[in-house]
1. Please indicate, with yes or no, whether at least one residue in segment 18-27 is of a type in the set (S, T, N, Q), under 31 Å from the mean Cα position of the chain (by Cα) and in a loop (DSSP other than H, G, I, E, B).
2. Hey, can you tell me all the residues within segment 28-57 that are touching a Leu at 6+ places or on another chain (Cβ under 7 Å) and either part of a loop (DSSP other than H, G, I, E, B) or open to solvent by 80 Å² or more (accessible area, probe 1.4 Å) (or both)?
3. Taking segment 135-163 as the search range and keeping residues that are open to solvent by less than 50 Å² (accessible area, probe 1.4 Å), aliphatic (A, V, I, L, M) and touching a strand residue (DSSP E or B) at 6+ places or on another chain (Cβ under 9 Å), which one is nearest to ILE176 (Cα to Cα)?
4. Could you say whether any residue in segment 69-79 is polar (S, T, N, Q) and either in contact with a Phe, Trp or Tyr (Cβ under 7 Å, 6 or more places away or on another chain) or open to solvent by 70 Å² or more (accessible area, probe 1.4 Å) (or both)?
5. Considering (1) touching a residue at least 12 places away in the same chain (Cβ under 8 Å); (2) under 30 Å from ARG91 (Cα atoms); (3) in a helix (DSSP H, G or I), say which one GLU112 fails and leave the rest.
6. Condition first: of a type in the set (Val, Ile, Thr) and in contact with a helix residue (DSSP H, G or I) (Cβ under 6 Å, 6 or more places away or on another chain). Can you find one or more residues in segment 150-158 that meet it?
7. Of all residues in segment 2-23, which are of a type in the set (A, V, I, L, M) and either open to solvent by 100 Å² or more (accessible area, probe 1.4 Å) or in contact with a His (Cβ under 7 Å, 6 or more places away or on another chain) (or both)?
Amino acid sequence: STDPDVGTRVPTDQVVTLTVSLGVEQVEVPDLSGKTEAEAQEAVAESRLTYAHAESYSETVEEGYVVVQDLESGTLVDHDSTITVTISLGREPISVPSVVGLSKADAVTAIEGAGLSPTAAEAYSDTVAAGTVISQDPSEGTLFRNDPVTITVSLGPEMIDVPNVIGRTKSDAISILTDAGLTVESENALSVTLGLVYSQSPSS
């Protein structure tokens, strides 16, 4: 600008003042790390920048505090710049995937894919094929990233050593076999070893 204004008629010895631009006024970007959103808004207002809100989950920053700012602190920017401040929503809740009935490999992949940490136990099962997940803990609900999910994987039916009961009385044989976890069927036949077991199938 000029003083007097352009077009004004003045004496030849009149002083004309010129105002020369220094460019857009620069202000320093404040450091917002560790601040709550209210504190961040106050700091931005004091710096005469424009505040923009964003939010995201964070595994390390407490809910309600600044996660990141898009303008680097300490730098000089135009006074009318907008600074976007991302506020923490806390840790991200993750839905527990249902993996019962899947193979161990598929279950581990599903759990890891959800951001959780699988651990495996094993158990015998008469109804679930070997290598298939029988149960999981927890079975539903939400967890946080890297929380554990325990799966129990079937070993198939438990194999049992068949005891030798030849020469035993019927009652003793039935008791021994039942205690071993087996189901007993008996039949009578003529034998020189009257009242004693003289054969078994399967054999010991």
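1. no
2. Those that are touching a Leu at 6+ places or on another chain (Cβ under 7 Å) and either part of a loop (DSSP other than H, G, I, E, B) or open to solvent by 80 Å² or more (accessible area, probe 1.4 Å) (or both): GLU28, VAL29, GLU55, TYR57.
3. VAL153
4. Looking through segment 69-79, none of the residues is polar (S, T, N, Q) and either in contact with a Phe, Trp or Tyr (Cβ under 7 Å, 6 or more places away or on another chain) or open to solvent by 70 Å² or more (accessible area, probe 1.4 Å) (or both).
5. Of (1) touching a residue at least 12 places away in the same chain (Cβ under 8 Å); (2) under 30 Å from ARG91 (Cα atoms); (3) in a helix (DSSP H, G or I), only one is false for GLU112: (1).
6. Taking every residue of segment 150-158 in turn, at least one turns out to be of a type in the set (Val, Ile, Thr) and in contact with a helix residue (DSSP H, G or I) (Cβ under 6 Å, 6 or more places away or on another chain).
7. If the condition is that a residue be of a type in the set (A, V, I, L, M) and either open to solvent by 100 Å² or more (accessible area, probe 1.4 Å) or in contact with a His (Cβ under 7 Å, 6 or more places away or on another chain) (or both), then VAL6, VAL15, LEU18, VAL20, LEU22 are the ones that fit.
Quick grid of which residues meet (1) assigned to a helix (DSSP H, G or I); (2) at pLDDT below 95; (3) over 30 Å from SER103 (Cα atoms):
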| site | (1), (2), (3) |
| --- | --- |
| ALA121 | no, no, no |
| VAL153 | no, no, no |
| ILE160 | no, yes, no |
| THR178 | yes, yes, yes |
| VAL184 | no, yes, yes |
| SER204 | no, yes, yes |
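The values are calculated or read from the model by the stated rules, or taken from the named source; none is laboratory data. Since we're looking at a predicted model, the values are computed, not measured. Ideal geometry is used to build each Cβ from the backbone, glycine not excepted, and the neighbour counts take in all protein chains shown. In case anyone asks, the SASA skips ligands and DNA or RNA and just uses the protein heavy atoms, side chains included. Shrake-Rupley method; radii C 1.70, N 1.55, O 1.52, S 1.80 Å.
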